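The values are calculated or read from the model by the stated rules, or taken from the named source; none is laboratory data. Everything numeric here is computed off the predicted structure, so don't read it as measured data. Neighbour counts are summed over all protein chains in view; Cβ atoms, including those assigned to glycine, are modelled from backbone coordinates with ideal geometry. The accessibility values were calculated without ligands, DNA or RNA, using every heavy atom of the protein model including side chains. Shrake-Rupley method; radii C 1.70, N 1.55, O 1.52, S 1.80 Å.
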Amino acid sequence: MAAQLTRRNFGKSVTAAALLLAAGTVPRRADTAGAKYRLRYATAFPADHPGVTQIQEAASAIAKDTGGLVDLQVFPNSQLGSEPDMFSQVRAGALDLMSTSGVNQTVVPVGGINAIAFAFPSYDKVWAAMDGELGNHVRGKFEKVGLFVMPKMLDNGYRHITSGAKPITSPDDLKGFKIRVPGNQLWVTTFKALGATPTPINFGELYAALQTRVVDGQENPLALINSAKLYEVQKYVAMTGHIWDGHYIFANLARWNGLPEDVRKVMLQHLSEAAERERADILRLNTGLVENLTKAGITFNEPDKQAFRDALKAGGFYGEWKEKFGPEAWGLLEKYAGPL
């Protein structure tokens, strides 16, 4: 294999790989012992999460389609540090790629605009916005601080409210309700505007806090409600879908631009396809979790989401965050979400 990847050699390798594949002789992962480009990809997702397994599939496809020139190594479960640590490493060039939510990246505040409560009523609105102009706007802001962001996001899921003593059917049920939230201002202001008492607690302490009634409830995607066994200390799940969150796939901009154009093209293709597959996996997973959690004793209900939207508007929530994010970004949000 030539040391320098040229368009001509790259084309030959792809053609050869295609012929071998047709003959049924290509292994699932190309030999990367002689890889010229060794890249590390890190994430907090556990090893069996679709946000890991699908990226690993992409890594295999990238190795194959570049004839083994690219070795994309995937490190799940925060092996290379916390999400803020990994994000900083990518910015500094110590790590090549990672995935995380844009919500906690204060270096680009507008990165959290997708988490405006009740902005996206359904996935078709989410993907239209985040694969479209709103996502492009946010990606452009990250590029200005030295980060390339892949055009397709991974799905981290809609968040729903759980409770122990009573179901949450309307905003009135949240009055004085002590709810655990992450230590993020967007979450805190959301639930304050709804009349609840938001209480930041580390996720590792959440089960005990619910068990001892330090808080009345919490909010998370179904996958986390299931994996953390919160159904053991909660009785109800209100399918509020109040916040949608996803993971951007970040790359160090200088490192990304230093790769040959053909390599970037292959990586973009396979990482984008991986994100699409991951989204479908999450959708199937969540459908199955409703059945599983019901069998575990959880009672589900579907509140009127417009009532929550109206309460947030009356409480000044949307006006406050419009001012923080600015009219340009807010206008793009409302293009997909409708007037807030």
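Summary table
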read-out	value
Accessible area (Å², per residue) of the chain, counting only protein heavy atoms and a probe of 1.4 Å	43 Å²
Protection proxy ranking, peptides 229-239, 50-60, average beta carbon neighbours within 10 Å, highest first	50-60, 229-239
Mean Kyte hydropathy of -1.0 or more with a Cα span along the axis of at least 20 Å, helices from DSSP in the chain	7-22, 50-65, 261-295
Residues in segment 174-195 that a label on Asn301 would reach, taking backbone N under 14 Å of a point 7 Å out along Cα→Cβ	174-175
Among 216-225, 290-299, 264-273, the order from most to least packed when residues are scored by Cβ within 10 Å on average	216-225, 264-273, 290-299
Flagged links, alpha-carbon separation over 23 Å, of Lys178/Lys295; Lys152/Lys229; Lys152/Lys313; Lys152/Lys335; Lys152/Lys305; Lys64/Lys144	Lys178/Lys295; Lys152/Lys229; Lys152/Lys313; Lys152/Lys305; Lys64/Lys144
Net charge over other residues, Cβ less than 15 angstrom from the Cβ of Gly164 (K, R count +1; D, E count -1)	+2
Estimated dipole of the chain in Debye, rounded to 20 [Cβ of Lys and Arg +1, of Asp and Glu -1, Cα centre]	480 debye
Value in Å of the Kirkwood radius, where the chain supplies the Cα pairs that are averaged	21.4 Å
Signed unit charges on C-beta, dipole axis of segment 93-212, positive-most listed residue Ser99, Trp187, Pro109	Trp187
Carbon + sulfur, % of accessible area of the chain - ligands and nucleic acids excluded, 1.4 Å	52 percent
